[in-house]
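Have a look at the structure below before the remarks.
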Amino acid sequence: MQRRTFIQGLAVSGLVSGLTLPGSSAFAQSTGAVSVTDLPELVGDLTLYLGRGEGGLYENVLDAIKKRNPKLNLQIRRGATAALGNTLIAEAKAGVHKADLFWAVDTGAIGMITDAGLAKPLPETLISQLKSGFQYPQWSPVTGRIRTLPYNTQRISPEQIPDSIMALADSDLALGWAPAYASFQSFVTAMRLLEGEKATADWLRGVDRHAKKYAGELGVVMGVERGEVDLGFANHYYTLRLKSGKPDATVDLAYTKDDAGCLVNASGIVALSDGPLPINFIRYLLSKEVQSYLASEAYEIPLVQGVSPPQGLTALDSISPPELDLRKLADIRPTLNLMRKVGIL
């Protein structure tokens, strides 16, 4: 969907209308998604550090919010999520305060900020809108993504795919992976935390013996669909996006159980300055319109109660992700050292 179409479409629902809204209190009693028509107008100066990602779809959301709130002066600094997180920490150590919000494409960078004590607490009225398991006092998830096993439906059957991620290291399947990709490295970090460093190193060596490398996880999914490999490692939305444009694609999704192979990660946002403006901006990201857009166009998982998930995705309550504090994924350096040690990077 083109940006102009998105903005025009949301004008119908109210996100970008030129109306000046009163300070509605409708969201104060909400335990689910609220329409932007019930949110207060955003007025004033706000600086957002935005981690790159999702092919410009986050930019579409920001454009719509700005059009909806003409009195908002939103300044955006863009960059790689991890690099922006490091910048925020360096600025804080230097006594410099430039950002009011940090929207990160993964929770590892969020963990860097909360561990550094830079995050401002969120009100319960905002936290209560989020689904159970995604309610945190210092940061708000925006959308979720599941680690999955995209597989070629003509080369293998679901019965040939083990439900343990660790078993794939010793399987006979031809695998595809993107070791240099940030999402994959977060997945390996989760494995390291759950299984231990030695088991993770052995898994990496085992997979490397029968894996084809790709530059990114969209490339992994496309390689699976072309039949270059039997199965790959990727976030769910790459497969759903491919199938949306090619409904007869010979690729489907499998899930492991209770391990890093079905980790549910999230993009998230953290408030870095006090006052109602940063909090109310976050409310827009959790609105029914924005959550629905990111589900339908980015195929990400809405984490606010009452918004439907993207089509083609297994329901969250039917998979078995591991229990893990997502902020711990910030501990990426030992993972990179391990991957270099075994010769993956």
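Some observations on this one:
- Tyr255 passes every criterion in (1) open to solvent by 40 Å² or more (accessible area, probe 1.4 Å); (2) aromatic (Phe, Trp, Tyr); (3) at pLDDT below 95 apart from (3).
- Single residue of region 78-94 satisfying the filter (modelled with pLDDT under 95 and not in a helix (DSSP H, G or I)) that is farthest from Asp45 (Cα to Cα): Ala80
- In region 261-276, the residues that are closer than 19 Å to Val142 by Cβ and of a type in the set (Ser, Thr, Tyr) form Cβ pairs under 9 Å with partners that are at pLDDT 95 or above and outside any strand (DSSP E or B), at six or more places apart or across chains, as follows: Ser273/Ala99; Ser273/Asp100; Ser273/Lys120.
- Between Lys71, Lys98, the distinction of being touching a helix residue (DSSP H, G or I) at 6+ places or on another chain (Cβ under 8 Å), more than 30 Å from Ser318 (Cβ to Cβ) and not polar (S, T, N, Q) belongs to Lys98 only.
- In region 206-256, the residue that is farthest from Glu297 (Cα to Cα) out of those that are under 22 Å from the mean Cα position of the chain (by Cα) and part of a loop (DSSP other than H, G, I, E, B) is Thr256.
- Considering residues of region 193-226 that are of a type outside the set (A, V, I, L, M, F, W, C) and open to solvent by less than 20 Å² (accessible area, probe 1.4 Å) only, the residue farthest from Gly108 (Cα to Cα): Gly223
- In a residue-by-residue description of region 266-286, the property of being surrounded by fewer than 20 Cβ atoms within 10 Å (Cβ to Cβ), out of contact with any Phe, Trp or Tyr (no Cβ under 8 Å at 6 or more places or on another chain) and under 19 Å from Leu149 (Cα atoms) applies to no position.
- Residue ID - surrounded by the most Cβ atoms within 10 Å (Cβ to Cβ), chosen from residues in region 156-192 that are out of contact with any helix residue (DSSP H, G or I) (no Cβ under 7 Å at 6 or more places or on another chain) and acidic (Asp, Glu): Asp163
The values are calculated or read from the model by the stated rules, or taken from the named source; none is laboratory data. This structure is a prediction, so every number in the text was calculated from the model and none was measured. Neighbour counts are summed over all protein chains in view; Cβ atoms, including those assigned to glycine, are modelled from backbone coordinates with ideal geometry. What goes into the accessible areas is simple: the full protein's heavy atoms, side chains included, and nothing from ligands, DNA or RNA. Shrake-Rupley method; radii C 1.70, N 1.55, O 1.52, S 1.80 Å.
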